[in-house]
Amino acid sequence: MLNISIRQLRAFVAVTRLGSFARAADELHVTPPAVTQQIREMETMLGLPVFDRQGRKVVLTTAGEYFLVYARRLLAVLKEADDAMARLRRLEDGLLTVGMVSTAKYFVPRLLADFRLEHPGVDLHLQVTPRRDMLVTLLENGECDLAIMGRPPRELATRAEPFAAHPHVFVAPPGHPILRVGHPPASALASHALIAREAASGTRALMDRYFTAQRVEPRIAMEMPSNETIKQAVMAGMGLSFLSLHTLHLELQAGLLEIVAAVDTPIIRTWNVVHLQSKVLSPAAEAFRYFMIEHAENHLAEHDRRWLEALKSPPAAAAAA
């Protein structure tokens, strides 16, 4: 077992996370047979199988579940050692892994592109998770250097630094009756069908708290785990929704969706850049952390200003009614 290699550990963790030998091979930039060979050699040294192979489906065995804990721990320690050495060398290069909730994918890539112009030696790797709890797991397992998220995890010892405002709004398709009301109360929203994010999402939790504070029971017509699917459903006239303003810029500019100027909205939260307190950040990670804190707020505010200003006065249709 002492002869197990780092490549074998990385292959094992990648197959476990991605659920596929082929996808793991793509991520590791090797061939699928090479990944298969690395796993077989590792299983030989362990004396136990780590996967049950059921056709194309890959499932961890009991031994694999136990070994995964140690494999992740070993890779995290090695990454910390590499980061520590990089800090001593004061180099801003190497691999930087940034995890983010799916809502952040609408603005983080553009900021990363700007960051790369200043730090061309950094090799960036993005991990986008559909749910907040999945991102917390990546942090806990040391599988990302930094996380971009809203509410920081209370269950982990982390350092969270806010870098920008994060507005949330109700949206409707153009011509919807709710848009003829200047500033509709929550009770008016609740009289229409609502298309909501799934219960585990931060956006859904924020919407639920809004209606609870207003003492109104919303009419949830559908739950969907994807911002894109929800936007398409609203544009098709299936109901209203509550989403991050940062997911809506293209649809608002094209006139495909309109913001509902509901009472006590927008609801403003913050974006945070988060890392484990115990983690020694590499120079690349430190540089990106500073970059987000210094530049992200202005970048997002420039895009948000137009829509937030519009919410301060009733829509034109309502004013004319």
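The values are calculated or read from the model by the stated rules, or taken from the named source; none is laboratory data. A quick note: this is a predicted structure, and the numbers were derived from the prediction, not measured. When we count neighbours, we look across all protein chains shown, and the Cβ atoms used for this are built from the backbone with ideal geometry, even at glycine. These accessible areas exclude ligands, DNA and RNA; they are computed on the full protein's heavy atoms, side chains included. Shrake-Rupley method; radii C 1.70, N 1.55, O 1.52, S 1.80 Å.
Figures for the structure shown
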{"quantity": "Enumeration of residues in the stretch 220-237 that are open to solvent by less than 60 Å² (accessible area, probe 1.4 Å) and in contact with a Pro (Cβ under 9 Å, 6 or more places away or on another chain)", "calculated": "226, 234, 235, 237"}
{"quantity": "Positions within the stretch 173-211 being among the hydroxyl-bearing types (Ser, Thr, Tyr) and surrounded by 18 or more Cβ atoms within 10 Å (Cβ to Cβ), in sequence order", "calculated": "201, 203, 210"}
{"quantity": "Which numbered condition residue 100 fails, given (1) farther than 17 Å from residue 13 by Cα; (2) at pLDDT below 90; (3) not in a helix (DSSP H, G or I)", "calculated": "(2)"}
{"quantity": "Scan of the stretch 156-211 for residues that are over 19 Å from residue 231 (Cβ atoms), of a type outside the set (Gly, Ala, Ser) and assigned to a helix (DSSP H, G or I), ordered by number", "calculated": "177, 180, 208, 209, 210, 211"}
{"quantity": "Of all residues making up the stretch 237-277, the number that are among the small types (Gly, Ala, Ser) and free of Cβ contacts under 8 Å to residues at least 24 places away in the same chain", "calculated": "1"}
{"quantity": "Meets criteria (over 30 Å from residue 285 (Cβ atoms) and open to solvent by less than 60 Å² (accessible area, probe 1.4 Å)) for residue 170", "calculated": "yes"}
{"quantity": "Test: residue in the stretch 263-280 that is touching a strand residue (DSSP E or B) at 6+ places or on another chain (Cβ under 6 Å), closer than 13 Å to residue 161 by Cβ, at pLDDT below 90 and among the hydrophobic types (A, V, I, L, M, F, W, C)", "calculated": "no"}
{"quantity": "Single residue of the stretch 130-157 satisfying the filter (out of contact with any strand residue (DSSP E or B) (no Cβ under 6 Å at 6 or more places or on another chain) and open to solvent by less than 20 Å² (accessible area, probe 1.4 Å)) that is nearest to residue 74 (Cα to Cα)", "calculated": "136"}
{"quantity": "Residue match in the stretch 295-317 (condition: more than 20 Å from the chain's Cα centre (by Cα), of a type in the set (Phe, Trp, Tyr) and either modelled with pLDDT under 85 or buried (at least 18 other Cβ atoms within 10 Å of the Cβ) (or both))", "calculated": "yes"}
{"quantity": "Residue, most open to solvent (accessible area, probe 1.4 Å), within the stretch 241-261, restricted to residues that are under 12 Å from residue 310 (Cα atoms) and in contact with a His (Cβ under 9 Å, 6 or more places away or on another chain)", "calculated": "258"}
